[in-house]
Amino acid sequence: MPKRPLDHSAGTASATAKATVSPPLPEVPTPLLGNLTPSQFMRRYWQKKPLLIRQAVPDIVPPLRRDELFELADSDDAESRLITHFRGSWQLKHGPFAPDELPPVKRREWTLLVQGVNLHDDRARALLDRFRFVPDARLDDLMISYATDGGGVGPHFDSYDVFLLQVHGKRRWRIGAQKDLSLKPGLPLKVLQHFEPDEEWLLEPGDMLYLPPHIAHDGIAEGECMTCSIGFRAPSASELTGQFLYHLAERGETLNGSLRDERYRDPQQPAVTNPGQLPPALIDRVGAILAQIKWTERDIASFLGSYLSEPKANVVFDAPRRPLNEAAFIRNASRSGIRLDRKTVLLYGPRSYFINGEEDRLLRGQKWLAELADTRRLGAKRFVTLSADGAVTALLHEWYCAGWVQVGEFA
């Protein structure tokens, strides 16, 4: 039976999580960005150049302890990888990993990567929320990299933006804005064939390095260390094109008017002596049909909202074992407020809102939906002001029963 996702909420880290849920405001300087405002950071550095930030998060506490991370790596619900560089040879294994499948912590040059830790732990979700000055549609996940002395994943580059936050121990980073991004052949992971670093720093707990896409980098642990990587979604043009056309076709919106349900016809097709040849008339006719595919800005917004809020394949929502009925839900939420589950993605546009891949119309008077999406919670007083509307409470209770919403502002 698959293990339930870990849920840690005790201790100092939880208290820290409650105090750090809200992201920095656009025009307010923050230590997270080296005392730049988020607006200044986005203008000067985002997708442009690297930035080293000393003590971005002073007195940082790792979201998970080492034993908790190892336990999560043993879960069927988590995506984990083990990378070793023993005797100069790169090896890659995919989890889950039982405790005896990981090398001893005293052995050098191995790394455990656990992806999407924010989906399994509220402390990791709270740390990820610090970076919500970037739109949720772009924010991907928080990965934790645990490494023993000398551990790393080799010099490489990412096709997306990343913040590398040191949360335990020390890691030495070397980076370079090289144009040669060719990879060594025959390896199980992507390692640059020629790495040419031009800057080097030693990061200690609380320090953070921001890297835009395609900056070559290599991080080596100096002693046992743990690094949080905050990554962002950057789908390719081919991925977006394919998914968008599928989105249109799935909704029956690819063809206009009478052609929508019309099947291919060829009443003028002559008999042939070369049956294996594609008929020119078929090519012309299908070309004419495809030329009539049209879409609007609304179609694009509908696609992006549904696509970017769709949970990843390994995400499973935990419905309450004994769900409250709607009346009890309203009473409890009126005392404690509600919050989005850490796995839930709620986005909105001018006409629609999107929750976990599902789209619905954004009706007049539903400002609370945008508020819930932006803050990921509704306080008790705010919930009380909404509770007189039966449609609102029925919808929120439905989300609660699905595991998309939790009672209580904080875990």
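Taking the Cβ of His397 as the center, what net charge do the other residues with Cβ under 13 Å away carry, scoring Lys and Arg +1 and Asp and Glu -1? Within the 13 Å Cβ shell, the charges total -2. A cut-off under 12 angstrom between Cβ atoms defines the neighbours of Ala291, and their net charge, with Lys, Arg +1 and Asp, Glu -1, is +1.
What is the sum of charges around Ala216, taking Lys and Arg as +1, Asp and Glu as -1, for the other residues whose C-beta is under 10 Å from the C-beta of Ala216? Surrounding charge for Ala216 is -3.
Please return the longest range in the chain lying between exposed loop sites, taking GluC sites (Glu not before Pro), DSSP loop only, at most 10 other beta-carbon atoms within 10 Å, and leaving the sites out. Answer - 28-261. Each Cα pair under 8 Å and six or more residues apart adds its separation to the average, and for the chain the resulting relative contact order is 14 percent.
Could you sort out which of Lys49/Lys106; Lys294/Lys343; Lys179/Lys343; Lys170/Lys312; Lys49/Lys190 sit more than 27 Å apart by Cα distance in this structure? Checking Cα-Cα distances, Lys49/Lys106; Lys294/Lys343; Lys179/Lys343; Lys170/Lys312 exceed 27 Å.
In summary, the chain shows an alpha-carbon radius of gyration equal to 1.15 times the 2.2 N^0.38 Å reference for compact globular proteins.
Bear in mind that the values in this text are calculations on the coordinates, not laboratory data. Computed from a prediction, not measured in an experiment: that's the story for all the values here. For neighbour counting, all protein chains shown are included, and Cβ atoms are generated from backbone atoms with ideal geometry for every residue, glycine included.
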